[in-house]
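For reference, the structure is listed below as structure tokens.
The values are calculated or read from the model by the stated rules, or taken from the named source; none is laboratory data. Worth saying up front: this structure is predicted, and the values here are computed from it rather than measured. Using ideal geometry, Cβ is built from the backbone for each residue, glycine included, and neighbour counts are taken over all protein chains shown.
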2 protein chains.
Amino acid sequence: MVNLIPAPRELRLTGGSGPFGGEVRTRVDSSLAPEAYELTVSHDGAHIVGGDEAGVFWGRQTLRQLLGPDAFRRAPIEREPVAVPYVEIRDAPRFAWRGFMLDVARHFLPKDDVLRYVDLLAAHKLNVFHLHLTDDQGWRIAIERYPRLVEVGAWRPRTRLGWGEPPLWDERPHGGFYTQDDLREIIAYAAERHVTVVPEIDLPGHSQAAIAAYPELGNTDVIDTAALEVWTEWGWSPHVLAPTDAVLRFYEGVLDEVLDVFPSRFIHIGGDECLKDQWRRSATAQARIKGLGLHDEDELQSWMIRHFDRWLTARGRRLIGWDEIVEGGLAEGAAVACWRWYTGGIAAAEAGHDVVMCPQQEVYLDHVQDPGADEPVPFGWVHTLEDVYRFEPVPPRLAGTPHAARVIGTQANLWTEVADSRARVDYQAFPRLAAFAEVAWSRLPDPDERDFGDFERRMNAAHYARLDAMGVAYRPPTGPHPWQRRPGIPGRMHHKPRRTWHMA
Amino acid sequence: MVNLIPAPRELRLTGGSGPFGGEVRTRVDSSLAPEAYELTVSHDGAHIVGGDEAGVFWGRQTLRQLLGPDAFRRAPIEREPVAVPYVEIRDAPRFAWRGFMLDVARHFLPKDDVLRYVDLLAAHKLNVFHLHLTDDQGWRIAIERYPRLVEVGAWRPRTRLGWGEPPLWDERPHGGFYTQDDLREIIAYAAERHVTVVPEIDLPGHSQAAIAAYPELGNTDVIDTAALEVWTEWGWSPHVLAPTDAVLRFYEGVLDEVLDVFPSRFIHIGGDECLKDQWRRSATAQARIKGLGLHDEDELQSWMIRHFDRWLTARGRRLIGWDEIVEGGLAEGAAVACWRWYTGGIAAAEAGHDVVMCPQQEVYLDHVQDPGADEPVPFGWVHTLEDVYRFEPVPPRLAGTPHAARVIGTQANLWTEVADSRARVDYQAFPRLAAFAEVAWSRLPDPDERDFGDFERRMNAAHYARLDAMGVAYRPPTGPHPWQRRPGIPGRMHHKPRRTWHMA
């Protein structure tokens, strides 16, 4: 059995199997769609025809799955020669944007581990790697003109453990950052694997680390920002950027360097969870609202987002942001990463904006994956492997309408408040990212009609063995290994009902 | 400037430099010594002649250093083309055994991180990777016939933090193990880089994790071993293997699988720090001493070591153990890893045994590297970068005698009681492992005459940049980054004078 994940569009077993010598003949045929490929394995060897080089690459990933789990190891181990089944596969992705977001701000993940995630994404035919590089709890990209962003912003003296009251602390200082050359290396390594790295510089909220480094970025007429430190709590920091020209110039300087490093067409500027309290109390912010003829603080945020939208567009890039950027009016050409249920994404698509669907109710991989008591630091809603498998990126309201084409893709997001190590990231990401990859790549039927049993069968028959070969510390189907537990560290579960596709 | 580390035997700048196109012509010439190479870079490109394939590989490592630090990244980053200096280099290692021991028992290091260390060793022309796979605090290799060794022995519920009284605890369960296929992958990956992986199964001491898994391995007539758990303390556990036939058979079973996985000629069986108190109290052990006509418990340990020496020899392998195996008589053919000063190694060499010099007074990289107050969990003696650079593997007493040839090499050891993550391992290992690599490879003069200033200059001019490119979290020359500190966790420094080469 071939047990491919994600499932290909068309698969025909042509009968028999034979040893594989390692040679693959490849060809690009631009009459195929972008990223599409045709893979033939016969007594004559393996042939891959791709619609482009990416298609050839995805065909190679499929072939690797046919070669057995040891093909996912980094060096050959002694084994009987593998008999490869003779097949004809015609395949193409459903979505152009098949993304994974990793929050390297709350917990820094060293460069080697990021490179490893590039490999893991490529093996699952995911092609967008969104790096959440800045947040209240850490700034992870060196900016040459503003060295304090990492000197001050890249570390914190201690870290909140879980979510309980009274708080528990890990008293170990935490920090780290990527040099621009590190990021160039990650980008080049990803490009070789047809993965695009999308950087996120989050503004105007989630900026306390930046303000700790450069207090003038904050609302200095409201609080003494010089006393601010990189945040050691989780949640929404009240300390947001001031809506001043100086702040715009500062972030233009940041983005100038970001554009120099990242060739990605899309640049993510965050825009989520910006508390407006300081702006309400700030004479400077209020004068700005008045001067610009705006109604309120939401429009002031829109004004900031629009500024960077124009700024990026003038440089040949496109802005993407979290769906809060829909509020107060969205700039033309901006795309929306829809995280708060389908709502903002539907509005954005209907208004002609491109949408990447990544609702926290469905594909937030920091959320707990089992209701059992052994899950480490359970957070959010329970998203089981089956839940993720039944996630549908196009909501019913858009399905069958021209607006559906505005859903350019989907993304799974992994925040790292409680995923404080590579092993914890692996545990949260896998096996669910395999189910997500099939959602993003394959043309699955409506959620209720999906054959989760078949997916689970392919996982058990082959894919867990591939993850083992890749050294992924996934959650075993039977529950966590003893050393994957975190007894004594409280989580925070969402108790209101999780909305699903049926409610969209 | 070329700034090579380790320094080559002969280097001639032939004048000028030119861009490098990437092509390297290589050839094996068996008239050169094993591992020796000659590298020529000229307008005609790069040529490497190796005494064997290993020599060619080491020549490639030297060429990579000539190409600049970005050659150590895993994907090319945009840069001006590098001008490579035209050189003629003739080089060969001083020692055949240039080793690094990593303790993956006290803290498990996942497979990917072990593979990464293979790359780091190869870049430094180190060629032996000794994996300390078993100890009181964890058993890290899956043994098919004894599944409880990892089911029970591969994890512990909590971990001692540092060395203070009263004890501090990290309450996170800790664990993990390598499957035999994981180890085959590591071995194959290392072999491609001309690095030999030497496994250590430590016996008869340092065995509490094994006894916790299989209580019958312990001295059951002295204590209730069924109540034993994997140890969460550091130091010398009193719970050692029973000197019974059943235990010998059990470990033959373990080693049977070890030999199946590891092609290494040398197999390390530990033999260190075995407390004899339980044997003194055990009627079974005392009967054994009497039955065998031995004098005491030291000879009983020798009897166990000799048993496995014969067992390994009969299978075409050679035993190596810590220098305690010298006590009570050493088996013919056995080699000694000399860790307690030069003493045991001198005795072993004079008795005709091969010796790997790795004295804790000189090259234990878990020991603290600076006397400053910011060092994380300082342990042992202070071994600065300069101290390691001035380590001489051949003690004065052996130098110039035929016995000197018995010192087949040297090894730096890194125990992981307080190095509880990859980042902490990096911090302890680097930059000191670069100095050690030069000691092991290059023909340096006597310790007092070594030009540490020149080594330091090469580090600053080029090698730290290479480590940066490889993503190594080394100790900066100016002291730890804030996030490399561990405030509040007590260490344990050795206060008696550290013996040095002068005292040998």
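In the set (1) outside any helix (DSSP H, G or I); (2) of a type outside the set (Lys, Arg); (3) out of contact with any Cys (no Cβ under 6 Å at 6 or more places or on another chain); (4) buried (at least 20 other Cβ atoms within 10 Å of the Cβ), B:ASP221 fails one condition alone, (4).
Within region A:236-270, restricting attention to residues that are farther than 19 Å from A:ILE325 by Cα and small (Gly, Ala, Ser), the residue that is surrounded by the most Cβ atoms within 10 Å (Cβ to Cβ) is A:SER264. Candidates A:GLY333, A:GLY316, A:GLY352, A:GLY344: the one that is more than 16 Å from A:PHE266 (Cβ to Cβ) and surrounded by fewer than 21 Cβ atoms within 10 Å (Cβ to Cβ) is A:GLY352. Residues of region A:417-433 that are within 14 Å of chain B (Cβ to nearest Cβ) and assigned to a helix (DSSP H, G or I): A:ARG422, A:ALA423, A:ARG424, A:VAL425, A:ASP426, A:TYR427.
Among the listed residues A:THR26, A:THR14, A:THR40, identify the single one that is surrounded by fewer than 21 Cβ atoms within 10 Å (Cβ to Cβ) and either assigned by TED's automatic domain parsing to the domain that holds A:ASN127 or touching a Ser or Thr at 6+ places or on another chain (Cβ under 7 Å) (or both).
On the way: A:THR26 fails: either assigned by TED's automatic domain parsing to the domain that holds A:ASN127 or touching a Ser or Thr at 6+ places or on another chain (Cβ under 7 Å) (or both); A:THR40 fails: either assigned by TED's automatic domain parsing to the domain that holds A:ASN127 or touching a Ser or Thr at 6+ places or on another chain (Cβ under 7 Å) (or both).
Only one candidate passes the filter, namely A:THR14.
With respect to A:GLY271, determine if the residue is at pLDDT below 95, assigned by TED's automatic domain parsing to the domain that holds A:ASN219 and among the small types (Gly, Ala, Ser). Walk me through it before giving the result.
Values: at pLDDT below 95: yes; assigned by TED's automatic domain parsing to the domain that holds A:ASN219: yes; among the small types (Gly, Ala, Ser): yes.
It is true that A:GLY271 is at pLDDT below 95, assigned by TED's automatic domain parsing to the domain that holds A:ASN219 and among the small types (Gly, Ala, Ser).
Yes or no: region B:171-179 includes at least one residue that is more than 11 Å from chain A (Cβ to nearest Cβ), more than 11 Å from B:THR232 (Cβ to Cβ), touching a strand residue (DSSP E or B) at 6+ places or on another chain (Cβ under 9 Å) and among the β-branched types (Val, Ile, Thr).
First, pick out the residues of region B:171-179 that are more than 11 Å from chain A (Cβ to nearest Cβ): none.
No: region B:171-179 contains no residue that is more than 11 Å from chain A (Cβ to nearest Cβ), more than 11 Å from B:THR232 (Cβ to Cβ), touching a strand residue (DSSP E or B) at 6+ places or on another chain (Cβ under 9 Å) and among the β-branched types (Val, Ile, Thr).
The requirement of being modelled with pLDDT under 95 and either under 30 Å from A:ALA154 (Cα atoms) or more than 14 Å from every other protein chain (Cβ to nearest Cβ) (or both) is not satisfied by A:HIS47.
In summary, B:ALA71 fulfils each of the numbered conditions (1) surrounded by fewer than 21 Cβ atoms within 10 Å (Cβ to Cβ); (2) under 15 Å from the mean Cα position of the chain (by Cα); (3) not basic (Lys, Arg) with the single exception of condition (2). You will find that of A:THR410, A:THR416, A:THR401, A:THR343, the residue that is in contact with a Cys (Cβ under 8 Å, 6 or more places away or on another chain) and either at pLDDT below 95 or not charged (D, E, K, R) (or both) is A:THR410 and no other.
Given the residues B:ASP323, B:ASP298, which is the only one that is under 23 Å from B:LEU131 (Cβ atoms) and either surrounded by 15 or more Cβ atoms within 10 Å (Cβ to Cβ) or within 23 Å of the chain's Cα centre (by Cα) (or both)? Spell out the reasoning first.
Details: B:ASP298 fails: under 23 Å from B:LEU131 (Cβ atoms).
Unique residue meeting the criteria: B:ASP323.
Just one residue in the set A:ALA399, A:ALA334 is touching a helix residue (DSSP H, G or I) at 6+ places or on another chain (Cβ under 8 Å) and of a type in the set (A, V, I, L, M); that residue is A:ALA334.
Only residues that are surrounded by 20 or more Cβ atoms within 10 Å (Cβ to Cβ) and charged (D, E, K, R) were counted across region B:168-180, and they come to 1. Going residue by residue through region A:120-141, is there one that turns out to be over 30 Å from A:GLU417 (Cα atoms) and either modelled with pLDDT of 95 or more or within 14 Å of chain B (Cβ to nearest Cβ) (or both)? No; the residues of region A:120-141 include none that is over 30 Å from A:GLU417 (Cα atoms) and either modelled with pLDDT of 95 or more or within 14 Å of chain B (Cβ to nearest Cβ) (or both). Taken over region B:166-211, the criterion of being within 19 Å of the chain's Cα centre (by Cα) and part of a strand (DSSP E or B) is satisfied by B:TYR178, B:THR196, B:VAL197, B:VAL198, B:PRO199, B:GLU200, B:ILE201, B:ASP202, B:LEU203.
Got a number for residues in region B:30-57 being without any contact (Cβ under 8 Å) to a residue 60 or more places away in the chain, hydrophobic (A, V, I, L, M, F, W, C) and either more than 12 Å from B:ARG90 (Cβ to Cβ) or assigned to a strand (DSSP E or B) (or both)? Talk me through it step by step, then tell me what you get.
The first filter runs over region B:30-57 and keeps only residues without any contact (Cβ under 8 Å) to a residue 60 or more places away in the chain, leaving B:30-31, B:33, B:36-52, B:55-56.
Filter once more, keeping what is hydrophobic (A, V, I, L, M, F, W, C): B:33, B:36, B:39, B:41, B:46, B:48-49, B:56.
After this cut, where a residue has to be either more than 12 Å from B:ARG90 (Cβ to Cβ) or assigned to a strand (DSSP E or B) (or both) as well, the list is B:39, B:41, B:46, B:48-49, B:56.
The number of residues fulfilling the criteria is 6.
Which of the helices (runs of 4 or more DSSP H) found entirely inside region A:295-393 contain at least 2 residues meeting this: in the same structural domain as A:ARG249 (by TED's automatic domain parsing), aliphatic (A, V, I, L, M) and closer than 30 Å to A:GLY491 by Cα? Where helices (runs of 4 or more DSSP H) fall fully within region A:295-393 and carry at least 2 residues being in the same structural domain as A:ARG249 (by TED's automatic domain parsing), aliphatic (A, V, I, L, M) and closer than 30 Å to A:GLY491 by Cα, they are A:385-389.
Select from region A:434-475 the residues that are of a type in the set (Lys, Arg), away from chain B (no Cβ under 14 Å) and part of a helix (DSSP H, G or I) and write down the one among them that is farthest from the chain's Cα centre (by Cα). So that I can check it myself, show each step before the final result.
Start the filter on region A:434-475 by keeping residues that are of a type in the set (Lys, Arg), which leaves A:443, A:450, A:457-458, A:466, A:475.
So of that shortlist, the ones also away from chain B (no Cβ under 14 Å) come out as A:443, A:450, A:457-458, A:475.
Now narrow it down to the ones that are part of a helix (DSSP H, G or I): A:457-458.
Values: A:ARG457: 26, A:ARG458: 24 Å.
Applying the filter and picking the extreme gives A:ARG457.
Screening B:PRO81 on (1) surrounded by fewer than 21 Cβ atoms within 10 Å (Cβ to Cβ); (2) under 26 Å from the mean Cα position of the chain (by Cα); (3) away from chain A (no Cβ under 14 Å); (4) assigned to a loop (DSSP other than H, G, I, E, B) shows it passes everything except condition (2). Has region B:284-292 got at least one residue that is in a loop (DSSP other than H, G, I, E, B) and assigned by TED's automatic domain parsing to the domain that holds B:VAL356? No.
When you look at B:TRP163, is it assigned to a strand (DSSP E or B), aromatic (Phe, Trp, Tyr) and surrounded by fewer than 24 Cβ atoms within 10 Å (Cβ to Cβ), yes or no?
On the way: assigned to a strand (DSSP E or B): no; aromatic (Phe, Trp, Tyr): yes; surrounded by fewer than 24 Cβ atoms within 10 Å (Cβ to Cβ): yes.
Against the criterion (assigned to a strand (DSSP E or B), aromatic (Phe, Trp, Tyr) and surrounded by fewer than 24 Cβ atoms within 10 Å (Cβ to Cβ)), B:TRP163 does not qualify.
For region A:90-105, a residue qualifies if it is of a type in the set (Lys, Arg) and either free of Cβ contacts under 8 Å to residues at least 40 places away in the same chain or surrounded by fewer than 24 Cβ atoms within 10 Å (Cβ to Cβ) (or both), and the qualifying residues are A:ARG90, A:ARG94. Quick check: is even one residue across region A:6-29 under 30 Å from B:ALA188 (Cα atoms), in a loop (DSSP other than H, G, I, E, B) and in contact with an Asp or Glu (Cβ under 6 Å, 6 or more places away or on another chain)? Within region A:6-29 (the criterion being under 30 Å from B:ALA188 (Cα atoms), in a loop (DSSP other than H, G, I, E, B) and in contact with an Asp or Glu (Cβ under 6 Å, 6 or more places away or on another chain)), the answer is yes, since at least one residue qualifies.
Regarding B:ARG288, is this residue among the basic types (Lys, Arg) and in contact with a Ser or Thr (Cβ under 8 Å, 6 or more places away or on another chain)?
Working: among the basic types (Lys, Arg): yes; in contact with a Ser or Thr (Cβ under 8 Å, 6 or more places away or on another chain): yes.
When the stated conditions are applied, B:ARG288 passes them.
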